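Take a look at the structure set out below.
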Amino acid sequence: MLEHVELFFKSIFIDNMVFATFLGMCSYLAVSKKVTTAVGLGAAVIFVLAVTVPMNWLLDQYLLRDGALAWLGPEYADYNLSFLSFILFIATIATMVQLVEIVVEKFSPALYNSLGIFLPLIAVNCAILGGSLFMQSRDIQTLGLAFNYGVASGIGWFLAILAIAAIREKIRYSNVPAPLRGLGITFIITGLMAIGFMSFGGMLTGGDEAPKEATETTAQKVEEIKIEKEAKENTVSYNNAINK
Amino acid sequence: MALLSKKDTGLILDPLADNNPITIQVLGICSALAITAELKASIVMAISVLFVLGLGNVVISLMRNIIPSKIRIIVQLVVVAALVIIVDQVLKAFAYELSKTLSVFVGLIITNCIIMGRFEAFALGNGPWKSFLDGIGNAAGYGLILVIVGFFRELLGSGTLLGFKVLGDPIAKTGIYAIGYENNGFMLLSPMALIVVGLIIWVQRSRNKALIEEN
């Protein structure tokens, strides 16, 4: 139970898809001009992630990873099909997005019209594929955790786009230097928000284990570097697993 | 007959500056930000995208008359995914360390919006040679931003370029470190990537007023 709670908050705040790993930036920047559309897209992303991550977890577990085909019989135990994961993951995602599109069109034509071109774009939203690939590389253990991870990363993305849309609605009334208007200032605001979200890194250790003599900012930096190291180690072990 | 007509040169040169995929079209941002802490990773990523986009544009352009428009996204994704698998396997075979640094971001080339964007906007309506040039041009424009961001982040963040200590040795206090310079470790963290790109956009738009947005 505790690991579920930990993964949930970690995926929303610390490993936030937008601020920590820059996934789904294109739609994040393109669709964040109005809060209402941002909410629609965010909800769609949560839903698609919640469906595709567990599905891809099953694919990974029973089809792709090293020795996953053992359930077919001992002669298949040596197969490692993980090089196929990109194509299978993206196929799952494209299918699911098509399905979501059909469902939304049937049940909520208003939302369908307001989302317009952006629904098919979810298929090429890196956040969705990134969710599945991180699920694979971080070696998430059970189907329940995979579902949890999908939902939580979706919520993190939703929060991010909601916040930036609200800020962009307000910033229209501010006097931003002309060349920085629009895209430039959005980038810089996102950078500042990312700095804010980095402080959530302290949630992992409770902030107590950081050296006492260090100032607060450096303590946070240390936390961040620790987390990055951890992520790197994860990918290393994953790559080692591949190359065994 | 010249190899490149004037229009063809435009296809390559426009995306480098005034129609840059990252700063103007807002495509392909994710990978541009995530892997630019080192210059080497940026360059490899740029070359990978160059390969995938150049070849993918040709393939899609050759198939453009036989793809039913309803399922074109899936067809495009399959073409990209196949090319990316090639890149991924080549990287794993010949540059294993680097493929670890890039981690999932090689796979994320599939969902790099530049690629889908160029397929949709160009390859579906133009011949193979033009599409090839367009792909090369856009990938080069993308790579240019990547290299600029990677250059500044690595230089200011760790004082190295491509792994060479260009600013001197921070521990032995040689070179610029002798006068009290310190590496700005913050440049290596993710928020600075966003801010550096924001600054590039600022510079670009102050030089070319026509690009300034309403708000």
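The values are calculated or read from the model by the stated rules, or taken from the named source; none is laboratory data. The shown structure was predicted, so the numbers you read here are calculated from the model rather than taken from an experiment. Quick reminder, even Gly has a Cβ in these numbers, built from the backbone with ideal geometry, and neighbours come from all protein chains shown. These accessible areas exclude ligands, DNA and RNA; they are computed on the full protein's heavy atoms, side chains included. Shrake-Rupley method; radii C 1.70, N 1.55, O 1.52, S 1.80 Å.
What you get for chain B, charging only the Cβ of Lys and Arg (+1) and of Asp and Glu (-1), is a dipole of about 320 debye around the Cα centre.
Full extension from residue A:71 to residue A:143: what is 0.36 nm times the residue separation minus their Cα-Cα distance, to one decimal in nm? Could you put the intermediate results ahead of the total?
Working: separation 72, 0.36 × 72 = 25.92 nm, distance 1.75 nm.
That pair, residue A:71 and residue A:143, stretches by 24.2 nm at full extension.
Using only alpha carbons, chain B has a radius of gyration to Kirkwood radius ratio (Rg to Rh) of 1.03. Residues whose amide H falls under 5 Å from that of residue A:24, counting only those 5 or more places apart or on a different chain, are A:126, A:127, with hydrogens built in the peptide plane. Placing B:118, A:65 in order of accessible area, with the largest value first and a 1.4 Å probe, yields A:65, B:118. Shown for segment B:111-127: residues covered by the partner protein chains by 10 Å² or more of accessible area relative to the chain by itself (probe radius 1.4 Å), namely B:111, B:113, B:116.
Going by average Cβ density within 10 Å per residue, which order do the peptides B:193-201, A:105-113, B:26-34, B:11-19 take, highest to lowest? Don't skip to the answer; put the middle values down first.
On the way: B:193-201: 23.2, A:105-113: 12.0, B:26-34: 26.8, B:11-19: 17.4.
Highest mean packing first, the order is B:26-34, B:193-201, B:11-19, A:105-113.
Note that segment A:1-143 presents 43 Å² accessible area per residue, ligands and nucleic acids not counted, probe 1.4 Å.
Remark on segment A:122-142: accessible area falls by at least 40 square angstrom from chain-alone to full-complex state for A:124, A:126, A:129, A:133, probe 1.4 angstrom.
Take the Cα pairs of segment B:41-158, get the Kirkwood Rh, then feed it into Stokes-Einstein at 25 °C and 0.890 mPa s and tell me D in µm²/s. It would help to have the intermediate numbers written out before the result.
On the way: Rh = 14.7 Å.
D, rounded to a whole number, is 167 µm²/s.
Take the solvent-accessible surface of the protein heavy atoms, probe 1.4 Å, and return the percent of it on segment A:1-111 that carbon and sulfur atoms account for. Walk me through the numbers before you get to the answer.
Details: 3650 of 5130 Å².
Exposed carbon and sulfur together represent 71 percent of the surface.
Remark: relative contact order (segment A:22-151) = 39 percent; criterion is Cα-Cα distance under 8 angstrom and separation of 6 or more residues.
Taken residue by residue and averaged, Cβ atoms of other chains lying within 10 Å of the Cβ of B:59-67 number 0.
Excluding ligands, DNA and RNA and using a 1.4 Å probe, chains A and B jointly bury around 4400 Å² of accessible surface, summed across both partners. Cut-off 10 angstrom, C-alpha nodes, Gaussian network model of chain B. Which of B:51, B:119, B:94 fluctuates the most? Ranking B:51, B:119, B:94 by mean-square fluctuation puts B:94 first.
Averaged over residues, the count of other Cβ atoms within 10 Å places the peptides A:8-19, B:175-186, B:76-87 in the sequence A:8-19, B:76-87, B:175-186, highest first.
When only the Cβ of Lys, Arg, Asp and Glu is charged (+1, +1, -1, -1), the dipole of segment B:14-112 relative to its Cα centre reaches about 340 debye. When peptides A:68-77, A:45-54 are sorted by average Cβ neighbour count within 10 Å, with the highest value leading, the order is A:45-54, A:68-77. For the pair residue B:7 and residue B:209, label points projected 7 Å from Cα toward Cβ lie 3.2 nm apart. What a 1.4 Å probe finds exposed on segment B:33-149 is 71% carbon and sulfur by accessible area, rounded to a whole percent. Name the residue from B:157, B:63, B:80 whose Cα lies farthest towards the positive end of the charge dipole of chain B, charges +1 on Cβ of Lys and Arg and -1 on Cβ of Asp and Glu. Positive-end residue among those listed: B:63.
For chain B, the longest principal axis of the Cα atoms and the long axis of helix B:39-63 meet at an angle of about 0 degrees. Shielding by partners for peptide B:179-188, expressed as the average number of C-beta atoms from other protein chains within 10 Å of each residue's C-beta, is 1.
At 20 °C and 1.002 mPa s, grab the translational diffusion coefficient of the protein assembly as shown from Stokes-Einstein with a Kirkwood Rh over Cα pairs, rounded to a whole number in µm² per second. List each step's numbers first, then the result.
Working: Rh = 22.9 Å.
Here the translational diffusion coefficient equals 93 µm²/s.
With a 1.4 Å probe and all protein chains left in place, how much accessible area per residue does segment B:56-215 have, in Å²? On a per-residue basis, 44 Å².
Here segment A:27-53 is scanned for amide nitrogen atoms under 16 Å from the site 7 Å beyond the Cα of residue B:78 along Cα-to-Cβ, giving none.
Legend: mean number of C-beta atoms from other chains within 10 angstrom of residue C-beta atoms, peptide A:171-183, equals 5. The share of C-alpha pairs in segment A:1-126 whose separation exceeds 22 Å stands at 49 percent.
Pairs of Cα atoms nearer than 8 Å and 6+ residues apart set the relative contact order; for chain B it is 33 percent.
When Rg and the Kirkwood radius Rh are both evaluated on Cα atoms of segment A:59-99, their ratio Rg/Rh stands at 1.11. Each Lys and Arg contributes +1 and each Asp and Glu -1, all at the Cβ; summed about the Cα centre of the protein assembly as shown, the dipole is approximately 1340 debye.
When the helices in the protein assembly as shown are scored as -39500 (n - 2.57) per DSSP H run of 4 or longer and the sum is shared across all residues, what 222 nm value do you end up with, to the nearest 500 deg cm²/dmol? Numbers along the way, then the final one.
On the way: 18 runs with 283 residues, N = 459.
Estimated from H runs of four or more residues: -20500 deg cm²/dmol.
Could you compute the FRET efficiency for residue A:176 and residue A:106, with r as their C-beta to C-beta distance and R0 at 41 Å, rounded to 0.05? That pair, residue A:176 with residue A:106, gives E of 0.45.
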